[in-house]
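Take a look at the structure set out below.
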Amino acid sequence: MRPRVLAFACLAAACSGEVGDASDARGVLDDAVLTSDGLGADGAGVDGSRADAAPAATRPYGSAQGDSRNNFRIGDINGARLAYRFRASTSSAATTLRVQQRGGSGYSLGDGGTITVSIQADLGGVPSGTDLASLTFSPGNPAGNWEVWTPLAFPAPATLTAGALYHIVFDNTAADPAANYISLNALFYWGGPFTPRQPTFSDDYALLYATPTAWGVQDRDTPIMDLGYADGSHDGMNYIGSLAVAYGSVAGASDMVRELFTVTGGDRTVGSASVKVKRISGSSPITITLETGAGALIEAVSIPSSAIALGDLPTASTEAGLGGNTWASATFLAPHVLTSGQTYALRLSTAAGTEYVAVPVQEGTTKGMASTCFTDGDGQRSTDGGVSWEYLYPFLDNGRQDLQFYFAAPPL
């Protein structure tokens, strides 16, 4: 089958994302490459915030989008507060919490402060102000740049109700929070904002910031968290950053990238596939191919280069380097059933003289995170025309990174 050419409008807006500074108690973009520094719990949770908690067979199937990480100071000169909004996936006691604590120049000050974490019900999209459960910890502030994923336990857990909205609220209750604070990191992207902000999560799942009283949703930021329940369930998102250093090149007959995956959780009927990419040079289309794990063609769709914005290689920690990515979407001629237990690949290719790049996002399972991520596969590269493949970032245990991609069910 010859790839067909699909003409469509670019989905990404011009890159205009901003990063905060000390004037609004937000920090700087944190694009440091993460490493595997200790094994933790594996597997993905069932998150009620995912695509409006629709049945697995009909909700988007894929990973997340992110260009970098953005840090939010808790305390600082504006008495800043942070909240992670989510919809509970289970009726059970919320017992543990894991987030990315960040410190160092621009991220923390003094002794790190005293952080009180509370679970609150939702009131019109913002925290109600009434604690259902709380914990307090002193993070400290070691010398140099640091990050920790220490699990936190609620001493008197609250039982949440499946389907209800809640907020995890972070306050700095130190005597002088302006001089003693740390940051928490979130997954961030330039461009957009998109609706939903993450392809596989509904906008119920959101990060809110207050300085200190008026809460506002941060449209390009997504909470990185793992909320654990007594029944073994987990809520939150388990993507902890992008891996720009591990970008995959799509160029000519030799260089390709793919997401190789084995379907779990039942059959899935898909009508389109989208992958976030950037065009570096040339004018040939990019081809998105759905094939079996053995390489048998299911369908291939070519997207014109004019639909993918030109940009810089992701080698500099700047908006030009890390941003400028476009959702390249391919609508299939007819829906395809991805059968549970079967292996497939979503592969990207182009002609000689043109280059696109795809940046993976990193799963947080090696940090002890057990909330939602795409555990069915991993992002891979080939430099020999598909004869052999390797993980985009081979230094992580079992890959543990994905292309920024998703399949969508056909319209009803």
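In region 116-147, the qualifying residues are those that are touching a Ser or Thr at 6+ places or on another chain (Cβ under 6 Å) and in contact (Cβ under 8 Å) with a residue 40 or more places away in the chain, and the one that is farthest from residue 80 (Cα to Cα) is 121. For region 179-231, the set of residues classified as β-branched (Val, Ile, Thr), in a loop (DSSP other than H, G, I, E, B) and more than 24 Å from residue 113 (Cβ to Cβ) consists of 195, 200, listed by residue number. Scanning region 187-227 for residues that are among the small types (Gly, Ala, Ser), touching a strand residue (DSSP E or B) at 6+ places or on another chain (Cβ under 7 Å) and buried (at least 22 other Cβ atoms within 10 Å of the Cβ) yields one hit, 206. The one condition from (1) in contact (Cβ under 8 Å) with a residue 40 or more places away in the chain; (2) surrounded by fewer than 17 Cβ atoms within 10 Å (Cβ to Cβ) that residue 175 does not meet is (1). Looking at region 80-95, is at least one residue at pLDDT 65 or above, in contact with a helix residue (DSSP H, G or I) (Cβ under 6 Å, 6 or more places away or on another chain), of a type outside the set (Asp, Glu) and in the same structural domain as residue 225 (by TED's automatic domain parsing)? No, that holds for no residue. Provide a single number: the residues in region 271-286 that are touching a strand residue (DSSP E or B) at 6+ places or on another chain (Cβ under 7 Å) and surrounded by fewer than 22 Cβ atoms within 10 Å (Cβ to Cβ). Residues flagged as touching a strand residue (DSSP E or B) at 6+ places or on another chain (Cβ under 7 Å) and surrounded by fewer than 22 Cβ atoms within 10 Å (Cβ to Cβ) within region 271-286 amount to 6. Residues in region 352-383 that are surrounded by 24 or more Cβ atoms within 10 Å (Cβ to Cβ), at pLDDT 95 or above and among the hydroxyl-bearing types (Ser, Thr, Tyr): 356, 371, 372. Of the residues making up region 192-215, just one is in contact (Cβ under 8 Å) with a residue 40 or more places away in the chain and charged (D, E, K, R), namely 204.
Go through region 317-371 and give me each residue that's of a type in the set (A, V, I, L, M, F, W, C) and assigned to a loop (DSSP other than H, G, I, E, B). Matches in region 317-371: 351, 352, 359, 369, 370. Of the strands (runs of 3 or more DSSP E) lying entirely inside region 232-316, the ones with 1 or more residues being closer than 16 Å to residue 338 by Cβ and assigned by TED's automatic domain parsing to the domain that holds residue 351 are found at 256-262, 268-281, 286-292, 297-303. Within region 306-351, the set of residues being touching a Pro at 6+ places or on another chain (Cβ under 6 Å) and surrounded by 19 or more Cβ atoms within 10 Å (Cβ to Cβ) comprises just one member, 322. Inspect all residues belonging to region 82-102 and state whether any of them is over 29 Å from residue 406 (Cβ atoms) and not in a strand (DSSP E or B). No: region 82-102 contains no residue that is over 29 Å from residue 406 (Cβ atoms) and not in a strand (DSSP E or B). Checked against (1) free of Cβ contacts under 8 Å to residues at least 40 places away in the same chain; (2) crowded, with 23+ Cβ neighbours inside 10 Å, residue 394 passes all but a single condition, namely (2).
The values are calculated or read from the model by the stated rules, or taken from the named source; none is laboratory data. Keep in mind the model is a prediction, meaning the values are calculated, not measured. Please note: Cβ atoms are built from the backbone with ideal geometry, for glycine as well, and neighbour counts cover all protein chains shown.
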